[in-house]
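Novice: Right, I'll just put the structure down here and ask away after.
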Amino acid sequence: MNAASPQLIFLHGAGERASVWDDVIAGLPGDWSCEAIDLGELGVIDDGMFDLSAAADRVLKSVDEDTATVVCGLSLGAMVGTVVAAGAAPGALDALILSGGQVRPPKWMMRLQWQISIRLPEAAFGAYGSTKTETLAMYAAVEAADLRGRLGEVRVPTAVWCGTRDIANRPAARQLAEGIDGAELRFVPGMGHDWHRSHPAAFAAHLREFVTAALARKPRGR
């Protein structure tokens with residue numbers, strides 16, 4: 001395992017594309033291998049729905065088992081990342097970062113998000129390269145998800161982050177940290193849900209700190 005030059009896989013939120021991670025990646029060491037995966041291309045299946053398990057299976061195919069691998073997901077990406085870690089073979093994954101994730105999203109919250117989004121014009125979804133159909137499919141998958149039974153299957157060093165201004169996701173952050181053995185819970189002062197976009201340098205700094213410490217604790221070999 002090469003821990004000196006880890007592989008990082010980034011998973012974005014609903015309504016985004018992989019490019020939202022560009023500024024975060026720019027703040028990481030140049031010898032780290034970083035790949036931001038487009039979930040819209042991975043998880044939207046033929047009937048127009050988004051499937052968390054299908055996306056997770058395809059993410060797992062990107063893992064290089066000869067390299068220390070870290071998955072970092074935000075919002076929807078954190079949910080996919082949870083499923084990735086739960087389904088990974090022993091030793092395939094070395095660390096996990098979940099920011100603004102959910103376990104069993106409140107129905108009222110997702111229905112409110114749906115009602116707001118369905119009334120928006122198509123142009124409103126283009127800021128980060130997504131489409132209305134794709135975003136609504138992702139919201140539907142999030143509303144239907146229940147990851148409570150998967151948390152105990154995650155057996156890698158895990159960081160659970162939530163901005164202090166991301167009030168809606170604080171309970172889920174605590175649930176993730178309680179359900180994943182040994183997970184580190186961090187409420188990041190002054191940050192909202194999308195702090196990977198609003199404060200990419202801060203996100204990168206937290207990520208560097210956690211990844212460096214997590215990989216330093218790993219024994220040599222797998």
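Novice: Any idea which of (1) in a loop (DSSP other than H, G, I, E, B); (2) open to solvent by 30 Å² or more (accessible area, probe 1.4 Å) is the one GLU143 doesn't satisfy?
Specialist: (1)
Novice: Among helices (runs of 4 or more DSSP H) lying entirely in the range 159-222, which contain 2 or more residues that are open to solvent by 10 Å² or more (accessible area, probe 1.4 Å) and in contact with a Leu (Cβ under 6 Å, 6 or more places away or on another chain)?
Specialist: In the range 159-222, 170-179 are the helices (runs of 4 or more DSSP H) which contain 2 or more residues that are open to solvent by 10 Å² or more (accessible area, probe 1.4 Å) and in contact with a Leu (Cβ under 6 Å, 6 or more places away or on another chain).
Novice: Looking only at the range 106-141, count every residue that is farther than 21 Å from SER19 by Cβ, in contact (Cβ under 8 Å) with a residue 40 or more places away in the chain and in contact with a helix residue (DSSP H, G or I) (Cβ under 7 Å, 6 or more places away or on another chain) and tell me the total.
Specialist: 2
Novice: Residues ARG119, ARG148: which one is open to solvent by 80 Å² or more (accessible area, probe 1.4 Å) and in contact with a Gly (Cβ under 8 Å, 6 or more places away or on another chain)?
Specialist: When all the criteria are applied, what remains is ARG148.
Novice: Another question, then. Condition first: modelled with pLDDT of 80 or more and part of a helix (DSSP H, G or I). Now tell me which residues in the range 32-52 satisfy that.
Specialist: LEU39, LEU52
Novice: Hey, among ALA85, ALA55, ALA89, which residue is under 16 Å from the mean Cα position of the chain (by Cα), at pLDDT 90 or above and not in a strand (DSSP E or B)?
Specialist: ALA85
Novice: Another one. Any residue in the range 77-102 that's free of Cβ contacts under 8 Å to residues at least 12 places away in the same chain and under 16 Å from VAL20 (Cβ atoms): show its pairings with residues that are open to solvent by 10 Å² or more (accessible area, probe 1.4 Å) and of a type in the set (Phe, Trp, Tyr) at Cβ separation under 9 Å, as long as the two are six or more apart or on different chains.
Specialist: No pair meets every condition.
Novice: Please tell me if ARG111 is part of a loop (DSSP other than H, G, I, E, B) and either of a type in the set (Lys, Arg) or in contact with a Cys (Cβ under 8 Å, 6 or more places away or on another chain) (or both).
Specialist: no
The values are calculated or read from the model by the stated rules, or taken from the named source; none is laboratory data. Note that the coordinates shown come from a computational prediction; the quantities given were computed from them, not determined experimentally. Note that we place each Cβ from the backbone using ideal geometry, even for glycine, and neighbour counts take in every protein chain shown. Quick note on the areas: whole protein, heavy atoms, side chains included, nothing else; ligands and nucleic acids left out. Shrake-Rupley method; radii C 1.70, N 1.55, O 1.52, S 1.80 Å.
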